[in-house]
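First comes the structure, then the notes that go with it.
The values are calculated or read from the model by the stated rules, or taken from the named source; none is laboratory data. In this text, all values refer to a predicted model and were calculated from it rather than measured experimentally. FYI the Cβ positions are ideal-geometry reconstructions off the backbone, even for glycines, and counts take in every protein chain you see.
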Amino acid sequence: MYKNLKRDLQAVISIDEAEFNTVINKTKWVQLEKNETWKPEGKISQELAYVNKGLLRHFYMNKRNEKTEKFYIEGSWIGDIGSFLSKTPSLRNYIAIEKTELVVLIFSELQKLYNQFPKMERFGRLYVENLLIEQQNRSRSFKLDSAETIYAKFKVEFPILQQRIPQYLIAQYLGITSESLSRIRKP
């Protein structure tokens, strides 16, 4: 049940069985159906989740229009860390694109794990560093690259997602219309 989480943690830090059991004892298992919301905007984020199986996205609402910012596949971590740290309501909405299994950890419990196991704090730091790099690359790409280049990068970064995500959501993520995406996709 937790083998994917254990594998992904061990890819970054050395964690023994007792330490791993301490981590999973602080988690809960959440299953979402397709189109089910995990966390709507408007509340201070209190949880972080590991995507064990499935696919989610987070989006913002802008005058009743959704703006998809990110997709989360198996092995991803999901949660609004900025909301938790700043104690401000999250503007993110998380929704399952397909049936999804999450391993959920309350941020306050994560803070305790950081104190108990410094290697977990290292894992958290490396995760946040990777998020920062990803966000900087995405921001730079949207400022400098054409829609065609952004789509080509999407195909390289998420090769399996084109079959799992509806075209209109890919277009939203890319910041273009569905019609523009159809034109770009044609050979």
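Values computed for the structure shown
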| read-out | value |
| --- | --- |
| Within segment 39-53, considering residues that are outside any loop (DSSP other than H, G, I, E, B) and touching a Phe, Trp or Tyr at 6+ places or on another chain (Cβ under 9 Å), the one surrounded by the fewest Cβ atoms within 10 Å (Cβ to Cβ) | ILE44 |
| Segment 1-36: number of residues that are surrounded by fewer than 12 Cβ atoms within 10 Å (Cβ to Cβ) and among the hydroxyl-bearing types (Ser, Thr, Tyr) | 1 |
| Subset of segment 50-77 [free of Cβ contacts under 8 Å to residues at least 24 places away in the same chain and either farther than 17 Å from LEU131 by Cβ or of a type in the set (A, V, I, L, M, F, W, C) (or both)] | ASN62, LYS63, ARG64, ASN65 |
| Answer from ILE170, ILE165 - the residue that is at pLDDT 90 or above, part of a helix (DSSP H, G or I) and surrounded by 13 or more Cβ atoms within 10 Å (Cβ to Cβ) | ILE170 |
| Condition broken by ALA11, with the remaining ones in (1) farther than 17 Å from SER90 by Cβ; (2) in contact with a Lys or Arg (Cβ under 8 Å, 6 or more places away or on another chain); (3) among the small types (Gly, Ala, Ser) satisfied | (2) |
| Residue within segment 54-62 that is surrounded by fewer than 15 Cβ atoms within 10 Å (Cβ to Cβ), over 16 Å from the mean Cα position of the chain (by Cα) and over 18 Å from LYS99 (Cα atoms) present | yes |
| Residue count for segment 5-38, restricted to those that are at pLDDT 95 or above and touching a Gly at 6+ places or on another chain (Cβ under 8 Å) | 1 |
| Residue list for segment 14-38, filter: more than 18 Å from TYR94 (Cβ to Cβ) and part of a loop (DSSP other than H, G, I, E, B) | SER14, ILE15, ASP16, ASN25, LYS26 |
| Residue that is surrounded by the most Cβ atoms within 10 Å (Cβ to Cβ) [pool: residues in segment 78-105 that are of a type in the set (Val, Ile, Thr) and either touching a residue at least 60 places away in the same chain (Cβ under 8 Å) or in contact with a strand residue (DSSP E or B) (Cβ under 6 Å, 6 or more places away or on another chain) (or both)] | THR100 |
| Flag if THR149 is more than 19 Å from the chain's Cα centre (by Cα), more than 30 Å from VAL23 (Cβ to Cβ) and β-branched (Val, Ile, Thr) | yes |
| Selection from segment 156-184 of residues that are charged (D, E, K, R) and farther than 22 Å from ASN137 by Cα | ARG164, GLU179, ARG183 |
| Matching residues, segment 106-162, being buried (at least 16 other Cβ atoms within 10 Å of the Cβ) and in contact with a Phe, Trp or Tyr (Cβ under 8 Å, 6 or more places away or on another chain) | PHE107, MET120, GLU121, GLY124, ILE150, PHE154, LEU161 |
| In segment 70-93, the residues that are assigned to a strand (DSSP E or B), more than 23 Å from MET1 (Cα to Cα) and either modelled with pLDDT under 95 or under 14 Å from the mean Cα position of the chain (by Cα) (or both) | LYS70, ASN93 |
